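Every read-out reported here was derived from the displayed coordinates using simple, explicitly stated rules and does not represent laboratory data. From a predicted model like this one, the values you see are computed outputs, not experimental measurements. Note that each Cβ is placed from the backbone with ideal geometry, even for glycine, and that neighbours are counted across all protein chains shown.
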Amino acid sequence: MANLVKTEDETMLADAARGFLDKSAPVKAFRDLRDAGQTHDAKMWKEMADMGWAGVLVPESAGGSDMGHAAAGVLAHEMGKTLVVSPFLSTAVIAASALRNVSDARAEAALASIASGDVTYALAVDETAKFNPEGTSMVATREGNGFRLSGKKTFVVDGGLADRLLVLAKTDDGLTLFDIPANRDGITRNAQNMIDARDSARIDFENVEATGDDVLGQVDSAMSILKPALEAGQAALAAEMAGLSAGAFGMTIAYLKERKQFGTVIGNFQALQHRAAHLWCEIEVTASAILNAGRMLDDDPDNATMAVSLAKARATSTAQLAVQEGVQMHGGIGMTDAYDIGFYMKRARVGAEWLGDYGYHAGQVAKHRGF
Amino acid sequence: MQSNQELEGFRAELRDWLEANCPAEMRGGEPSEASVCWGGKNFQFESDAQRVWMERAAAKGYTVPTWPVEYGGAGLTRTQEKIFKEEMDRIEARNPLQSFGIWMLGPALLHFGSHEQKLHYLPPIARGEIRWCQGYSEPGAGSDLASVQTRGEDKGDHWLVNGQKIWTSYADKADWIFALVRTDREAPKHKGISFLLIDMEDAGVETRPIKLISGASVFCETFFTDVKVPKHQIVGEENRGWDVAKYLLTHEREMISGGGQGLSGGRALGAVLNESMEDGREMDTTLRAAAMRCEVDALSIGLTLERYKDQAEAGSGAGDASAMLKYMGTELNKQRHELLMSAGGSDALEWDGPLGNRPADWLRTKANSIEGGTSEVMLSIVSRRVLGLGA
Ligand SMILES: Cc1cc2nc3c(=O)[nH]c(=O)nc-3n(C[C@H](O)[C@H](O)[C@H](O)COP(=O)(O)OP(=O)(O)OC[C@H]3O[C@@H](n4cnc5c(N)ncnc54)[C@H](O)[C@@H]3O)c2cc1C
Ligand SMILES: Cc1cc2nc3c(=O)[nH]c(=O)nc-3n(C[C@H](O)[C@H](O)[C@H](O)COP(=O)(O)OP(=O)(O)OC[C@H]3O[C@@H](n4cnc5c(N)ncnc54)[C@H](O)[C@@H]3O)c2cc1C
């Protein structure tokens, strides 16, 4: 079993990330972005790329920093703490992991464009209100050497602004993953007005042309590429949600030490102390599952499925608890838009659904444990 | 650090040794309170296999794998210990020996004891020859443990001990007791306690078993009447016993959190639940959902125990966080046994019925969140010492 203590490098990476984000991306930055009606900060993404974050999973040969999944989790965790808006998960984690599993010159070039921060990606998998990649019904019909894609995708996170889309569709004998530019003829993107004020889109595909070159990996066997990409995304999302939990928890503890009622700080009331302590315990337990998922993806990626699902399941339930307890312990002020804790609640709700909800991942764990 | 090659060599050797030495009867099956090997002068082995397994493991130091060799252990490093656990789990080997000596007194002696004390007390624990019990709680000192009143009068070369302990698990079966005794009545309550080691065969020590809701009587009232305890039977300094007591508690808590049989066996709850439905039933959706949640939590708490052990090697023990481990582990174990009862349905309602003594095990787990400090006390420790809340 892997060592579950953060390495010195990981601690340094976390500190460096925190230093940068506290300056460039505190929660206030997210609030400003939301108030301006924007869902992407291109300048900041470029800065992140310059620090090697966009290339965290890109090989050095393609200009990446190739730090691995545990490191990606460290970055996601820090971003989660202050609700940083960036295409990190969609592009640097999910798309990069998919492309990395394809060995051709085109994939190599695509990886380089991710690492440099020039190109962003979104993953178009969901078609119904719940994550179910195996149940994909969008079709890619053979036409000459290529395909025609028709159907609808929903909850395409970062899909409103992404330069390229990874699209999952049904082909004759299975599922196939396509990598196409988001502005190709026949694609209509409708931005969703999301509760967490992030970019997400419903996307219609009407007879969209895809060449054989647009296929990632082999026709009819999308999962050999998509599965590792999904697992990388789920693990990093879990880390982001753990960061989010830590952020909401930190705010709440600070408030308990500051707010006075009945002539004393409310942190002196045992009813609240025990709720806060319970929450801390849950956060600690979840941290182990997340560290373990990162280690498994780095050390033994073919057998990481259960570890990843464990992390996503735990991260989901913990984040939901953290934000609910957070708002409750803030009293009335926690219900106001002017106060940040509500942002955490909305982000946690979106994270809970993305890439598989609690039930999906707990089911995966059960399956691996033989029931 | 050992090379991977050395570690794999260790694993291969260990695997062979386990194959050759762990009797078939000591493998597999859901461990239960009744099948624990406790050791001690008066221990009744459940079978020859149980005795042989304990003796063989002890000869290799495998009853206390991480203790130094000179004190009866195998001196394993943390990495070797992980391999040891993996290989034990692989063949579902039962624990060859469990005891309060191993879980509690041993770590405290390793930390606070003199070299002579370690040499004298540790090897018999490792060999399963001496069984210890814990004399902390009193009728008036439960959660508020530091208000113990059992007192020790200084008589020059010994203390004269008088008082009563309660809830002393296995006091009637133990050979020795480690006890918190007030040796200074004037000092503030935390500063007048000494940590004494007392032979249960001494004149003036008496135990009275108390029956539990599970029907078993694992704990006792323990009375001390003019018991003479030689001065060298103190661990740590006089009146500084609270430090030893607290240190020991962090180990006790870590043990209870994982020793909750739910976590140690490595078997999936869902699989165990399915087995208890031999009449062809299947888990209904409610039970299944609860089992899934339980499994997710059990695996994650298991990883957390490992993470804290990894950290301990890097220099920081679980410390106050042992309260978290204890709270999470025991609350989970209680839930797990609720589900086992639910899966068993009416078959689980009989003492020694079709599902064995499942109801007794279920009832026993209710104490997990009480013994070693209650869940509420654990939460208070976390909120005060970790979160810095409250006065
Ligand atoms: C949507 C909304 C509508 C409202 N409408 C009205 C209205 O129309 N008129 C009106 O007058 N007010 C209204 N309120 C105010 C509401 O009644 C207060 O928010 C509520 O009483 C809590 O007070 P507080 O916000 O100051 O929180 P605080 O009292 O500061 O409480 C913060 C946290 O501490 C806890 N806490 C406080 N004291 C203790 C204690 N002794 N022991 C344990 N825990 C404690 C609380 O339970 C809470 O979790 C409204 C609030 C909201 C959110
Ligand atoms: C099966 C079993 C085996 C045991 N074995 C041993 C043993 O071998 N040796 C030994 O010394 N002891 C043993 N104990 C005793 C155990 O450590 C005590 O029962 C425990 O510390 C609680 O003390 P108490 O029973 O006096 O409960 P109390 O302290 O009276 O607590 C009663 C209730 O009040 C709550 N409470 C108390 N104080 C607070 C507070 N400040 N804030 C909030 N809630 C509070 C508690 O959480 C509990 O729910 C054993 C107990 C059991 C059940």
Handout entry: Distance cut-off 23 Å, percentage of C-alpha pairs in the range A:223-368 lying past it
Key = 39 percent
Exercise for the section: For B:Glu338 and B:Glu46, calculate 0.36 nm times their separation in residues minus their Cα-Cα distance, and state this gained length in nm to one decimal. Expected result: 102.4 nm
Completion exercise
Gyration tensor on Cα atoms of the range A:66-166, a ≥ b ≥ c root eigenvalues, a/c under 1.5 rounded, else prolate if a/b beats b/c, else oblate, says oblate
Handout entry: Convex hull of Cα atoms in the range A:68-118, direction-averaged projection (nm²)
Key = 3.6 nm²
Exercise for the section: Place the peptides B:205-211, A:317-323 in order of packing, highest mean first, counting for every residue the other Cβ atoms within 10 Å and averaging per peptide. Expected result: A:317-323, B:205-211
Practice task
For B:Arg90, put the label point 7 Å out on the Cα→Cβ axis and report which residues of the range B:5-36 keep their amide N under 20 Å from it.
Solution key: B:5-29
Problem - Spatial separation of Cα centroids for the range A:263-298 and the range B:131-166, in angstrom - result: 35 Å
Practice task
Compute the FRET efficiency between B:Ser169 and B:Ala12 as 1/(1 + (r/R0)^6), taking r as their Cβ-Cβ distance and R0 = 30 Å, and round to the nearest 0.05.
Solution key: 0.15
Exercise for the section: Would you please classify the overall shape of the range A:8-120 from the alpha carbon gyration tensor, given that a ≥ b ≥ c denote the square roots of the eigenvalues, rounded means a/c under 1.5, and beyond that prolate means a/b larger than b/c while oblate covers the rest? Expected result: oblate
Handout entry: Cα-based Rg of the range A:122-216 normalised by 2.2 N^0.38 Å, two decimals
Key = 1.01
Handout entry: Residue-averaged beta-carbon neighbours from other chains (10 angstrom radius) around B:375-387
Key = 5
Practice task
Could you work out the mean count of beta carbons from other protein chains within 10 Å of each residue's beta carbon in A:268-279?
Solution key: 5
Problem - Neighbouring partner chain Cβ atoms per residue of A:359-370, average, 10 Å criterion - result: 5
Exercise for the section: Sort B:100-110, B:86-96, B:303-313 for me by packing, meaning the mean count of neighbouring Cβ atoms within 10 Å per residue, highest on top. Expected result: B:100-110, B:303-313, B:86-96
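Restricting to Cα atoms and excluding each atom paired with itself, what does the Kirkwood estimate give for chain B in Å? Numbers along the way, then the final one.
Values: mean 1/r = 0.0452 Å⁻¹.
In chain B this quantity evaluates to 22.1 Å.
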Handout entry: Over 30 Å between alpha carbons, listed pairs A:Lys227/B:Lys309; A:Lys23/A:Lys152; B:Lys41/B:Lys165; A:Lys46/B:Lys309
Key = A:Lys227/B:Lys309; A:Lys23/A:Lys152; A:Lys46/B:Lys309
Fill in the blank from the handout: The base-10 log of I(q)/I(0) that the Debye equation returns for chain A at q = 0.10 Å⁻¹, one scatterer per C-alpha, is -0.61
Completion exercise
Rounded to the angstrom and largest first, Cα extents along the principal axes for the range B:1-77 equal 42, 27, 19
Practice task
Calculate, axis by axis, the spread of Cα positions in the protein assembly as shown along the three principal axes, and write the results as whole Å, longest axis first.
Solution key: 96, 65, 53
Fill in the blank from the handout: Taking R0 as 30 Å and r as the Cβ-Cβ distance between B:Ala20 and B:Glu129, the FRET efficiency 1/(1 + (r/R0)^6), rounded to the nearest 0.05, comes to 0.80
Handout entry: Cα centroid separation, the range B:36-99 to the range B:266-301 (Å)
Key = 29 Å
Practice task
Starting from the range B:264-297, pick out the trypsin sites (Lys or Arg not before Pro) whose DSSP state is loop and whose Cβ has at most 13 other Cβ atoms within 10 Å.
Solution key: B:Arg281
Completion exercise
With a ≥ b ≥ c from the Cα gyration tensor eigenvalues, square-rooted, and the rule rounded for a/c under 1.5, otherwise prolate when a/b > b/c and oblate otherwise, the range A:217-269 is prolate
Completion exercise
In this structure, the FRET efficiency calculated for A:Asp173 and B:Asp284 from their beta-carbon separation, with R0 = 30 Å, to the nearest 0.05, is 0.20
